[in-house]
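**Student:** Quick one: the structure is below, questions incoming.
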């Protein structure tokens, strides 16, 4: 069996960074986005290693004794899935770089193991490096809303789906267009750097501002704050309706 993957990685790193791989099967090409094939072949003997150029990119080539039945069931490498391959390969490279960059960047991006989406989250190394940002109450919510608001606007602009699993972990589902994703990722990095610069340079000012939000943070869960952040233009309407809602409830129950 012949496996091809980005030459920047070793075979052992495929699972660590969820590197997408291409498998040559029956003269055609299959694609595995989740590293399942490499897991199944981890104990197989590698008979040959080499380098090649495939579709203009440098690939490491691994020859392994035996075949994998699961590889036959993988999707064929179509032009659409090649675009997705390039996206997930870029994400795998960025994830690897994030482990080596110092000082660490605020956001980290990685491939999802459960679906074809990507995960964007706060970099734990960044939090360790900038521990002063979380010394005061409410800062985690500020970070969450800042990142969510930026991602929401970007995903709207690029027609990407955005979903959340938990605080400061966001799932983005890009369309299968690599050029479009490159622009998205470039803008995301720019916004991340802008937020990071402001936060690290204005710790005391932020602390004073957060103290003014104390009641809001206690009253509203993070989900409500995210929704509020993408509806700021309707703030007056929301305020008026809340007042009416209050009067309505009090008129019934006293």
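**Student:** Would you say residue 194 is surrounded by 11 or more Cβ atoms within 10 Å (Cβ to Cβ), without any contact (Cβ under 8 Å) to a residue 12 or more places away in the chain and closer than 30 Å to residue 83 by Cβ? Spell out how you get there, then give the answer.
**Tutor:** Values: surrounded by 11 or more Cβ atoms within 10 Å (Cβ to Cβ): yes; without any contact (Cβ under 8 Å) to a residue 12 or more places away in the chain: yes; closer than 30 Å to residue 83 by Cβ: yes.
Here the answer is yes, as residue 194 does meet what is asked.
**Student:** Can you pull out every residue in the range 127-146 that is without any contact (Cβ under 8 Å) to a residue 60 or more places away in the chain and over 21 Å from residue 212 (Cβ atoms)?
**Tutor:** 127, 128, 129, 131
**Student:** So residue 235 fits all but one of (1) in a helix (DSSP H, G or I); (2) in contact with a strand residue (DSSP E or B) (Cβ under 8 Å, 6 or more places away or on another chain); what number is the exception?
**Tutor:** Looking at each condition in turn, residue 235 falls short on (2).
**Student:** Has the range 142-156 got any residue that is surrounded by 14 or more Cβ atoms within 10 Å (Cβ to Cβ), in a loop (DSSP other than H, G, I, E, B) and assigned by TED's automatic domain parsing to the domain that holds residue 214?
**Tutor:** No.
**Student:** If I go through the range 159-170 residue by residue, how many of them are modelled with pLDDT of 95 or more and either crowded, with 18+ Cβ neighbours inside 10 Å or within 19 Å of residue 98 (Cβ to Cβ) (or both)?
**Tutor:** So the count comes out to 1.
**Student:** For the range 223-232, which positions are part of a helix (DSSP H, G or I) and either over 27 Å from the mean Cα position of the chain (by Cα) or surrounded by 10 or more Cβ atoms within 10 Å (Cβ to Cβ) (or both)?
**Tutor:** Correct list: 223, 224, 225, 226, 227, 228, 229.
**Student:** Going residue by residue through the range 26-45, is there one that turns out to be more than 28 Å from the chain's Cα centre (by Cα), at pLDDT below 70 and surrounded by 18 or more Cβ atoms within 10 Å (Cβ to Cβ)?
**Tutor:** The answer is no; no qualifying residue exists.
**Student:** Only residues in the range 164-188 that are on the phi > 0 side of the Ramachandran plot count as the first member; pair them with residues that are part of a helix (DSSP H, G or I), Cβ under 8 angstrom, at least 6 apart or cross-chain, and list the lot.
**Tutor:** Note: pairs meeting the criteria are 168/140; 168/143; 168/144; 168/147.
**Student:** Residue 53 is checked against (1) over 30 Å from residue 124 (Cα atoms); (2) more than 22 Å from the chain's Cα centre (by Cα); (3) touching a residue at least 24 places away in the same chain (Cβ under 8 Å) and fails just one. What number does that condition carry?
**Tutor:** Looking at each condition in turn, residue 53 falls short on (3).
**Student:** Residues being surrounded by 11 or more Cβ atoms within 10 Å (Cβ to Cβ), free of Cβ contacts under 8 Å to residues at least 24 places away in the same chain and under 24 Å from residue 163 (Cα atoms): count how many of those fall in the range 197-222.
**Tutor:** Matching residues across the range 197-222 total 2.
**Student:** Let me ask something else about it. Criterion first (modelled with pLDDT of 95 or more and touching a strand residue (DSSP E or B) at 6+ places or on another chain (Cβ under 7 Å)) does residue 118 satisfy it?
**Tutor:** Values: modelled with pLDDT of 95 or more: yes; touching a strand residue (DSSP E or B) at 6+ places or on another chain (Cβ under 7 Å): yes.
In short, yes.
The values are calculated or read from the model by the stated rules, or taken from the named source; none is laboratory data. Being a predicted model, the structure only gives us computed values, none of them experimental. Methodologically, a virtual Cβ is constructed for each residue, glycine included, from the backbone with ideal geometry; neighbour enumeration extends over all protein chains shown.
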